[in-house]
1. Which trypsin sites (Lys or Arg not before Pro) in segment 33-83 sit in a loop by DSSP (not H, G, I, E or B) and have at most 15 other Cβ atoms within 10 Å of their own Cβ?
2. So, counting K/R as plus one and D/E as minus one, what does the shell of residues with Cβ under 13 Å around residue 222 add up to?
3. From the phi angles alone, apply the Karplus equation (6.51, -1.76, 1.60; θ = phi - 60°) to segment 72-86 and give each ³J(HN,Hα) in whole Hz, x where the residue is Gly or Pro.
4. Run the quick spin-label model on residue 273 and residue 114: label points 7 Å from Cα toward the beta carbon, then report their separation in nm to one decimal.
5. Mind listing the phi-derived Karplus ³J(HN,Hα) values for segment 38-44, rounded to whole Hz, using 6.51, -1.76 and 1.60 with θ = phi - 60°, and x for any glycine or proline?
6. Is the shape of segment 106-209 rounded, prolate or oblate, going by the alpha carbon gyration tensor and its root eigenvalues a ≥ b ≥ c, with a/c under 1.5 for rounded and a/b larger than b/c for prolate?
7. Report the label-to-label distance for residue 315 and residue 70 in nanometres (one decimal), using points 7 Å from each Cα along the Cα→Cβ vector.
8. Filter the chymotrypsin sites (Phe, Trp or Tyr not before Pro) in segment 31-132 to those in DSSP coil with at most 16 other Cβ atoms within 10 Å of their Cβ, and list the result.
Amino acid sequence: MKKKKRSLLLLIVLLLVVARLLLPYFLEKYVNKTLNDIPGYEGYVEDVDVALIRGAYVIEGLHLDKINADLDKPFLYFPKADISIEWKSLFKGRIVSEIILHEPEMNYILEDQKKDTPEGKPKVKDWTDALTDLVPIKINYLEVHGGKINFVQFTEDPDIDLVLRHIMLQATNLRNVRKTEEALPSTLLATAVSFGEGSATLKGRMNLMKRIPDMDMEFSLVKANVTALNAVTKKFVGVDFERGTFELFAEAAIADGYMKGYLKPMFIDTKLIGEEDKGFFEKLWEGFVGVFKFLLKNQKTDTLATKAPFEGDLNNVDTEVLPTILNIFKNAWIKAFTSDVDEDINFKEAQEESKD
């Protein structure tokens with residue numbers, strides 16, 4: 001009898017060992033299948049490792065590429081994604097997960113994303129849903145170390161290449177495990193180095209448990225060298241800068257599907273490039289822009305700025321043109337905008353207007 005029990009125990013141990021050895025193989029197959037089932041994309045992972053003791057698995061070298069892309073650059077690349085059970089939530093009676101992404105990279109190449117594929121035009125919802133499917137249980141905590149986002153357009157001369165790098169992000173209580181009386185129980189804080197060596201910060205609170213999430217967010221981008229925007233300003237305005245600083249501030253609140261917020265771009269101590277080999281009409285246009293800039297900037301702070309408010313239903317968010325124009329003149333001749341978020345957009349205000 002004892003011999004049978006010993007044999008049974010050895011068999012169970014053997015089966016567990018075999019299962020542990022085979023589990024990474026089946027997980028890798030599952031992840032690869034999930035990535036390749038995304039319409040318009042193809043992907044693979046280099047390796048999957050399992051840590052049974054802490055209830056985790058680690059995906060190494062996740063690649064997701066746009067089908068028929070011209071450039072050999074992945075749309076998404078995650079060198080390492082650590083997916084595990086959030087143990088402290090078990091004591092609150094909830095089984096949820098936490099994800100830590102190490103140096104994730106996203107390359108949004110405009111020309112590639114505009115292309116149709118045999119499956120049709122790729123949708124953001126498709127690949128975000130697929131990545132969520134890689135996590136077996138709901139995500140409550142997300143952390144990003146050293147992330148990078150590139151926005152590139154190669155059909156312009158010069159190329160448009162805007163980048164956010166050294167992204168650090170922490171999002172907590174996403175599944176409302178730590179129940180509170182607050183309307184916005186989840187927190188988000190992210191920082192990054194922007195184009196032109198600027199400093200970007202995004203922070204706020206959220207409630208992701210609703211179909212249209214409620215949130216109250218603030219964004220700031222400060223001390224970016226404006227010459228990094230020359231490709232963009234050349235395309236849309238026909239001018240480029242020799243020197244100066246670009247800053248951007250924004251706030252947005254969403255309550256019950258109603259959004260309210262603003263964007264406040266600022267051009268500080270800027271000087272336009274004057275090139276001798278430019279044609280007559282190019283020089284005429286730059287001269288006009290220079291005079292326009294002089295008349296509409298605040299002379300004390302040497303700042304050209306405006307404030308573009310937006311509000312409405314999320315299916316129909318419109319930028320208000322008239323207030324935007326009036327705010328240009330307000331900044332120039334009445335009161336200079338301050339280099340900071342104004343803190344005049346809040347969740348309660350959006351909540352009240354959603355009821356109206």
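Derivation of every value follows stated rules applied to the coordinates shown; laboratory data play no part. As the structure is a computational prediction, the values presented were derived from the model and not from experiment. Because the Cβ atoms are built from the backbone with ideal geometry, glycine has one as well, and the counts that use them run over all protein chains shown.
1. Details: sites: 33, 54, 66, 80; in loops: 54.
Those satisfying the criteria are 54.
2. On the way: positive: 223, 264; negative: 197, 218, 247, 340.
Its environment carries a net charge of -2.
3. 8, 9, x, 5, 10, 9, 10, x, 8, 10, 9, 10, 8, 6, 7
4. Once both label points are built, they end up 2.3 nm from each other.
5. 7, x, x, 10, 9, x, 6
6. Oblate is the answer for segment 106-209, as a/c is 1.5 or above yet b/c matches or exceeds a/b.
7. With each label placed 7 Å out from Cα toward Cβ, I get 3.7 nm.
8. Working: sites: 41, 44, 57, 75, 77, 87, 91, 108, 127; in loops: 75, 91.
For chymotrypsin sites (Phe, Trp or Tyr not before Pro) across segment 31-132 that sit outside H, G, I, E and B with at most 16 neighbouring Cβ atoms in 10 Å, the list reads 91.
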